Amino acid sequence: MPYRSIFLTVVFAVFSIVFCSGQTLISGYVKETGTEQPLIGASVFFDGTTLGTVTNRNGFFELKKREEMTATLVVSHIGYKTALFDSVQANMGVVYLKPKLIELNEVVLEEDIWDRKKKMRIFLREFLGETRAARETTIANPQDLILHYSNSEKTMYAFANVPLQIKNEYLGYEINYVLENFKLIFSNSEKLDPKIERTFNTGKSFFVDKKGAKSIRRRKKVYQGSTLHFMRSLYQKKLKEESFKVYRNAFETDSYSVLLLEHSKTGIALVSCKEKELYITYLDSFGSLMKMEGNVFFIDSFGNHTSKKPILFGGDMGTKRIADLLPLDYEEQ
């Protein structure tokens with residue numbers, strides 16, 4: 001079963017389709033460290049979701065959180081260091097942000113032999129993808145991207161000191177994306193269209209839903225067979241019912257004999273993976289390689305998966321990029 005030898009570090013959490021839990025109102029203030037000056041228009045959101053807001057003239061914010069949701073709370077403002085909270089409480093008090101000095105990674109000091117046009121073409125292809133959704137997705141502020149190719153490392157880096165404003169016309173979303181770490185590692189970088197060995201991308205995202213009848217159908221199509229779909233099905237022990245099959249050493253195996261789930265009272269499941277590599281198919285036609293750098297990861301009751309070491313995907317799941325990304329609180333309709 002062939003699969004594409006490009007791996008994408010999966011850093012976007014996913015949430016289950018069952019949203020029956022209560023909600024908690026989260027509130028607080030955002031101020032500048034040292035001056036106590038309220039920060040107006042600071043973004044406060046749960047990473048990868050449509051749940052977010054901005055601070056008012058007093059630096060005050062208020063938003064709702066689903067009780068069982070474990071997504072990271074992100075507090076950001078242009079010109080300041082981003083604050084992250086893995087656990088939140090109803091009263092967040094005052095969140096202080098420190099001014100951020102604009103710094104270039106030391107790799108930028110190395111002479112760059114590629115022109116920007118070439119780097120931008122490669123970046124857009126690997127960041128947005130090559131699907132139909134990618135063709136209808138644009139970055140509104142490409143001028144804020146810093147792209148650098150290191151010939152000694154055969155690696156291309158991307159930086160941005162402000163969030164990328166992504167407009168996905170195909171799925172009906174606008175995404176505010178904080179680019180944290182993006183790099184492409186090439187196995188052969190001498191050609192006009194160099195071969196990429198690995199793609200790494202980490203960042204924080206906030207989705208604004210523009211909706212639309214076409215978007216609903218398209219989102220469902222993108223969801224089916226995705227990493228999001230797989231993780232939700234795994235948590236609910238419905239891989240077979242949802243048309244997923246797992247292969248071990250080229251042979252189909254009982255999914256839950258290699259992906260052992262232990263559910264806790266808190267709703268979080270510990271998944272122990274008995275193999276470093278597993279091949280996954282959806283509808284017997286779409287194939288993906290799941291590669292574990294560790295041997296355990298966690299899934300909460302919403303399907304949000306996390307691990308200390310990266311989970312890498314190749315094949316169909318691995319080729320999906322930002323343009324095919326759904327918010328973590330997406331509900332199939």
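The values are calculated or read from the model by the stated rules, or taken from the named source; none is laboratory data. These numbers were taken from a predicted model, which means no experiment stands behind them. As a convention, Cβ positions derive from the backbone with ideal geometry for all residues, glycine included, and neighbour counts pool all protein chains shown. Areas reflect the complete protein model, heavy atoms only, side chains present, ligands, DNA and RNA absent. Shrake-Rupley method; radii C 1.70, N 1.55, O 1.52, S 1.80 Å.
A few remarks follow.
- Charge tally for PRO99 (other residues, Cβ to Cβ under 10 Å; Lys, Arg +1; Asp, Glu -1): +2.
- For the listed peptides 242-255, 42-55, 172-185, a ranking on the average number of other beta carbons within 10 Å per residue, highest first, reads 42-55, 172-185, 242-255.
- Extension gain, ILE146 to LYS220: 0.36 nm times the residue separation minus the Cα-Cα distance gives 23.2 nm.
- Using the Cβ of ARG218 as centre and a radius below 11 Å, the other residues enclosed give a net charge of +3, where K and R count +1 and D and E count -1.
- Modelled FRET efficiency - R0 30 Å, TRP114 with GLN165, Cβ distances, 0.05 increments: 0.75
- Cα-based Rg / Dmax (Å) for region 78-215: 17.3, 55
- Residues listed by number, region 66-90, amide nitrogen under 19 Å from PHE298 label point at 7 Å toward C-beta: 66-74, 84-90
- Lys/Arg +1, Asp/Glu -1 at C-beta; region 178-235 dipole; positive extreme among ALA213, VAL178, HIS229: ALA213
- The simple spin-label model puts a point 7 Å past each Cα toward its Cβ; for SER285 and GLU331 those points are separated by 3.0 nm.
- Distance from the Cα centroid of region 234-295 to that of region 128-156 is 31 Å (rounded to whole angstrom).
- In region 176-333, the DSSP beta bridges split such that about 100 percent are antiparallel, to the nearest 5.
- Region 79-172 - percent relative contact order, Cα under 8 Å, separation 6 or more: 27 percent
- Across the chain, the relative contact order, built from alpha-carbon pairs under 8 Å that are at least six residues apart, equals 23 percent.
- The relative contact order of region 235-322, computed from alpha carbon pairs under 8 Å that lie at least 6 residues apart in sequence, is 24 percent.
- With the simple spin-label model, which puts each label point 7 Å out from Cα in the Cβ direction, the THR82 to LYS210 separation comes to 2.2 nm.
- Distance distribution note for the chain: the fraction of Cα pairs above 34 angstrom is 26%.
- Computed FRET value (nearest 0.05) for ARG135 with TYR256, which takes r as the C-beta separation and R₀ as 35 Å: 0.35
- Charge sum, other residues only, whose C-beta stays under 13 Å from LYS265's C-beta, Lys/Arg counted +1 and Asp/Glu -1: -3
- For region 55-142, the carbon plus sulfur part of the accessible surface works out to 50%, probe radius 1.4 Å.
- The stretch between GLU241 and LYS154, if pulled fully straight at 0.36 nm per residue, gains 27.0 nm over its current Cα-Cα span.
- Residue-normalised accessible area of region 169-321, expressed per residue, 1.4 Å probe, Å²: 48 Å²
- Membrane-span-like helices in the chain, defined here as complete DSSP H runs extending at least 18 Å along the helix axis by their C-alpha atoms with mean Kyte-Doolittle hydropathy no lower than 0.5, are absent; this is a sequence and geometry rule, not a statement about a membrane.
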